[in-house]
Amino acid sequence: MSRLGNLGARLYRGEVGYDFIGKRKIWYGVSILITITAIVGLAVSGLNMGIEFKGGAVFTTPKTSVSVSAAEDLATEASGHQAIVQKLGNGGLRIQITEVDTAKSDQIQDKLAGDLGVPRDKIAADLVGPSWGEQVANKAWTGLGVFMVLVVIYLAIAFEWRMAIAALVALIHDITITVGVYALVGFEVTPGTVIGLLTILGYSLYDTVVVFDSLKEGTKGITKQTRWTYSEIANRSINGTLVRSINTTVVALLPVAGLLFIGGGVLGAGMLNDISLALFVGLAAGAYSSIFIATPLVADLKERDPQMKALKKRVLAKRAAAAAKGEDAEAEQEQDEYEPEDAAPAGAVVGQRQQPPRGHGRTPGKRR
């Protein structure tokens with residue numbers, strides 16, 4: 001077995017683990033700091049909205065020897081607005097200029113034909129109205145709102161309302177960070193960005209539900225035992241699914257990183273940046289929030305329940321009594337007179353059949 005697989009098995013069995021819940025205040029602080037930075041970046045820099053949202057013109061030229069940087073300077077000078085130029089596969093150029101009307105578009109087309117040395121009728125000009133981008137944005141916000149409502153309803157029914165609240169907070173956390181990164185780096189926001197933003201919500205929710213599912217299984221009959229508190233079982237659930245979360249996140253990030261850093265950075269395919277950055281930041285933020293935000297927040301909310309407070313008090317009292325007698329607290333708790341029969345080990349996968357302990361199910365009598 002590989003080292004990672006061996007570590008995952010030990011985490012699953014509870015032999016090793018990291019105290020994520022106990023250090024939750026640190027994670028809350030880190031998340032608040034990142035969120036504030038994202039909000040400040042959004043307020044100061046704002047989003048670089050693409051032509052689909054602001055309106056403008058897109059000019060496509062035939063093959064030309066003019067470089068991208070030179071074409072940007074010529075197009076900016078001709079329009080009076082910052083131009084975005086991309087090299088096409090056939091050697092032509094795609095020149096994008098925002099906030100341009102029909103009359104201005106004709107003037108720019110004439111100027112570009114002379115500066116680039118290509119016939120005017122060979123330059124294709126497409127105008128994009130801002131109303132189309134506004135419709136896209138409104139539909140995106142509507143879709144986001146409907147998605148959030150459905151998520152809360154589903155989680156409240158499948159799990160409980162505390163988990164629904166924690167998942168909603170984690171989703172808002174992921175969206176805020178992703179949008180803030182766009183504002184800080186100045187990447188253009190296009191319909192592809194909106195698609196990427198909506199896509200990452202599914203990934204983020206998947207990681208969160210995996211941990212919640214494990215936590216639900218591990219806390220069956222929790223009030224009938226005095227071995228663990230709710231927070232401790234929540235911590236075991238995180239550790240039990242940690243390697244799985246890391247593996248799925250890394251596998252998902254690799255192709256997205258290829259789009260962002262190789263396709264967009266090395267090859268200069270700028271149109272890939274809009275969706276790949278949203279996916280890359282969102283996937284990373286989603287994995288972080290499911291481990292460091294959602295589950296610790298559920299534990300915080302659950303520990304305020306009177307039953308969980310009473311359980312914690314009993315668990316701590318039993319450990320104190322064991323320590324006072326000079327006995328090993330863990331050994332003392334192993335003799336707990338009630339162990340929930342239907343409670344799966346923390347971190348167990350739903351549907352996995354548990355092996356009965358030795359001796360159970362046998363009738364007493366002589367050994368044959």
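The values are calculated or read from the model by the stated rules, or taken from the named source; none is laboratory data. Just so we're clear, the structure is a prediction, and the values are computed from it rather than from any experiment. When we count neighbours, we look across all protein chains shown, and the Cβ atoms used for this are built from the backbone with ideal geometry, even at glycine. These area figures cover heavy atoms from the full protein model, side chains too; ligands, DNA and RNA do not enter into them. Shrake-Rupley method; radii C 1.70, N 1.55, O 1.52, S 1.80 Å.
Laid out as a table, the results:
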| quantity | calculated |
| --- | --- |
| Residue-normalised accessible area of the stretch 103-250, expressed per residue, 1.4 Å probe, Å² | 45 |
| Local electrostatic count, VAL128, Cβ distance below 14 Å [Lys/Arg +1, Asp/Glu -1] | -3 |
| Pairwise label distance in nanometres, ASP110 with LYS313, each label 7 Å out on the Cα-Cβ vector | 8.6 |
| Given LYS23/LYS318; LYS23/LYS224; LYS25/LYS220; LYS25/LYS139; LYS25/LYS216; LYS216/LYS325, the pairs whose alpha carbons are separated by over 31 Å | LYS25/LYS139; LYS216/LYS325 |
| Cα-based reach from LYS104 at 29 Å (exclusive), listing lysines while leaving out same-chain residues under 8 positions away | LYS54, LYS63, LYS87, LYS122 |
| Apportionment of accessible area to carbon and sulfur, the stretch 48-133, percent (1.4 Å) | 50 |
| Rounded accessible area of ASP110 (nearest 10 Å², 1.4 Å probe) | 80 |
| Packing-based order for 84-93, 303-312, 289-298, using average beta carbon neighbours within 10 Å, highest first | 289-298, 84-93, 303-312 |
